[in-house]
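Working notes, beginning with the structure itself.
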Amino acid sequence: MGKGVSNKNVFASKVGAVLAAAGSAVGLGNIWRFPTETGTNGGAAFILIYILFMLLLAMPIMVAEFAIGRHGGHDVTHAFEKMSGGRRAWRWMGLLPVVCGFLVLSYYAVVAGWALYYTYEAFIDGFSGKTPEMFTADFVTFSSDSFKPVFWMVIVIAMTCGIVALGVRRGIERGAKIMMPLLFLFILVLVGCSISLPGASKGLTFLFKPDFSKVTSSVILSAMGQAFFSLSVGLGCLCTYACYFRKDIDLMKDGFSVASIDTLVALLSGLIIFPAVYSISGLQPDAGPSLVFITLPNVFQQVFGNIPWLAYLFSLIFYLLLVMAALTSSVSMLEMSAAYFHANLRIPRPLAAVLVSVVCVLLGTFCSWSFGDWKDVTFFGMGFFDFFDFLVAKLIMPIGGFLMCVFLGWVVDEKVLHAEITNHGTINSPFYPVYRFIIRYFAPICIFLIFANELGLFDLLPKG
Ligand code: PHE
């Protein structure tokens, strides 16, 4: 246990710690962003590249974050300093999660707010008897409203703030333990339903038959962004959690477990959405952020339409679980910034959480309005929401990941890294040499090449 972390804030069990990290990873990134990105980037080829990046970039960087956080054991800023052998200059890396915590929560809460609104709709039985056209029209009307989506977003941020203010163990661990397995079960049932819809096989082809002619530089960048976003890596978010990890956790093994769960949930989510998209007339796989919110209620109606009480119950429980999955992720975002203010400015934890939340509500409102009143306000050709998403997932997360690789591979004393990965030689880590190679050479070079290609410095792939 690191200095400055009270007993109360160390995850009580190994399972709790891993589940909390999985809770941060599994969220709207898997169930909403993965199908959205897969749809707009052409399907199966994108998925293959995403899985490769998951294995070779995002997962090793996740383990890097674990190692840095656990070694430091205080907060991210101190963790970098301690891991570097006391070089104060590395503290600035700790600012990454602080700034990004704001950015990512602001737009993530908008989508979580949509999910909460759909939970409410399910509760008041607002879906029954609706046609696919009505679901589409309803979503557009709702998301472009100036007030309603902002209202639901504020509730999400308030709930997140409440959980963070309560403290790590009570708030996060307890929720993750119950929610994750339940969500998984529901997703499995929904996959069964979706692939049994008429015409579903076209969706399966879209998901599993790669067409590499569709791969452009922007598909590659999107796949890398999705891998980072989905695992919550590159921002130091998992560093923050790892500060609370126990010393006997096998970082490599647990990193692999979290990455596997995360990828599985994303793929299963694709298996729910795409067969349904091709089965229901009028839906397009490249519909963007609205895709999941228009498709899912249709699935419930089509599959359980003849048994209304089942449709009611199923959609209500599913949306509730979705909101909970979003909350375990949003909590980790708020935690990143709040933990910094709590530790460095010595502000009480609840106050730090409230301050960050207030700023997020403001930024989140702008993001929400970019679907309606502020549609025409653009930065580099993107609305607020898209711009924040681009900034976080396709720019800051990969750059943060790159810096972590450089830090761990070239700055940190090799003995320290070895000691963290092998728990001071008490566990056998046969993959350690491969891991070190990836962190030192493969991952940073790969990220650099992807950016260089996107910027036009090389012409490895056609521009997308
Ligand atoms: N990984 C989370 C998800 O898939 C999103 C997230 C991004 C969480 C960045 C924390 C930090 O929903």
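The values are calculated or read from the model by the stated rules, or taken from the named source; none is laboratory data. These numbers were taken from a predicted model, which means no experiment stands behind them. All Cβ positions, glycine included, derive from the backbone under ideal geometry; neighbour counts span all protein chains shown. Note: areas computed on protein heavy atoms with side chains; ligands, DNA, RNA excluded. Shrake-Rupley method; radii C 1.70, N 1.55, O 1.52, S 1.80 Å.
Using 0.36 nm per residue and subtracting the Cα-Cα separation, the extra length available between Asp211 and Leu355 on full extension is 47.1 nm.
Ranked by the mean number of other Cβ atoms within 10 Å of their residues, highest first, the peptides 232-238, 139-145 come out as 232-238, 139-145. Projecting the Cα atoms of Val299, His424, Gly72 onto the charge dipole of the chain (Cβ charges, centred on the Cα centre) puts His424 farthest toward the positive pole.
Scaled against 2.2 N^0.38 Å for its residue count N, the alpha carbon radius of gyration of the range 355-461 is 1.53. Each peptide in 395-401, 270-276 gets a packing score, the mean of other Cβ atoms within 10 Å over its residues, and the list from highest to lowest is 270-276, 395-401.
Lys and Arg at +1, Asp and Glu at -1: add these up for the other residues within a Cβ distance under 13 Å of Leu96 and post the number. Walk me through the intermediate numbers first.
Values: positive: Arg91; negative: Glu65, Asp75.
Once all neighbours under 13 Å are counted, the net charge is -1.
Distance distribution note for the range 214-371: the fraction of Cα pairs above 27 angstrom is 44%. Distance from the Cα centroid of the range 68-99 to that of the range 304-375 is 26 Å (rounded to whole angstrom). With R₀ set to 30 Å, the beta-carbon distance separating Phe256 from Arg88 gives a calculated FRET efficiency near 0.35.
Identify the residues of the range 315-337 with backbone N under 17 Å of a label point that sits 7 angstrom from the Cα of Leu188 along the Cα-to-Cβ direction, or state none. Residues 318 qualify, since their backbone N sits under 17 Å from the label point. For the residues Arg87, Arg246, a 1.4 Å probe over the protein chains yields an accessible-area ranking, largest first, of Arg87, Arg246. Within the straight-line cut-off of under 19 Å between alpha carbons, the aspartates and glutamates reachable from Lys415 are Glu65, Glu81, Asp248, Asp250, sequence neighbours fewer than 8 places apart in one chain being disregarded.
Relative to its residue count, the range 70-212 spans a Cα convex hull of 221 Å³ per residue.
Full extension of the chain between Lys202 and Val411 yields a length gain of 70.3 nm, computed as 0.36 nm times the residue separation minus the alpha carbon distance. Calculated mean residue ellipticity, 222 nm, the chain: -21500 deg cm²/dmol, from DSSP H runs (n ≥ 4) at -39500 (n - 2.57) each, averaged per residue and rounded to 500. Per-atom-type breakdown for the chain gives carbon and sulfur 69% of the accessible area (1.4 Å probe, protein chains only). With a cut-off of 14 Å on the backbone N, the residues of the range 305-345 near the modelled label site 7 Å out from Ser128 along Cα-Cβ are 305-316.
As a calculated quantity, the FRET efficiency between Leu455 and Thr426 at R0 = 35 Å, using C-beta atoms, amounts to about 0.20.
Placing +1 on the Cβ of every Lys and Arg and -1 on the Cβ of every Asp and Glu, with nothing else charged, gives the chain a dipole about its Cα centre of roughly 1320 debye. With K and R counted +1 and D and E -1, the other residues having a Cβ less than 15 Å from that of Gly372 yield a net charge of -3. When every Cα-Cα distance of the chain is counted in 20 angstrom steps from zero, the calculated P(r) takes the values 26, 59, 15, 0 percent. Remark: the Ala137-Phe379 segment gains 84.4 nm on full extension, using 0.36 nm per residue and subtracting the alpha carbon distance. For a quick check of understanding: with a 1.4 angstrom probe and all protein chains in place, what accessible area in square angstrom does His78 have, to the nearest ten? Result for His78: roughly 40 Å² accessible. For Tyr108, what charge total do you get from the other residues with a beta carbon under 14 Å from its beta carbon, if Lys and Arg give +1 and Asp and Glu give -1? Cβ neighbours under 14 Å give a net charge of -2.
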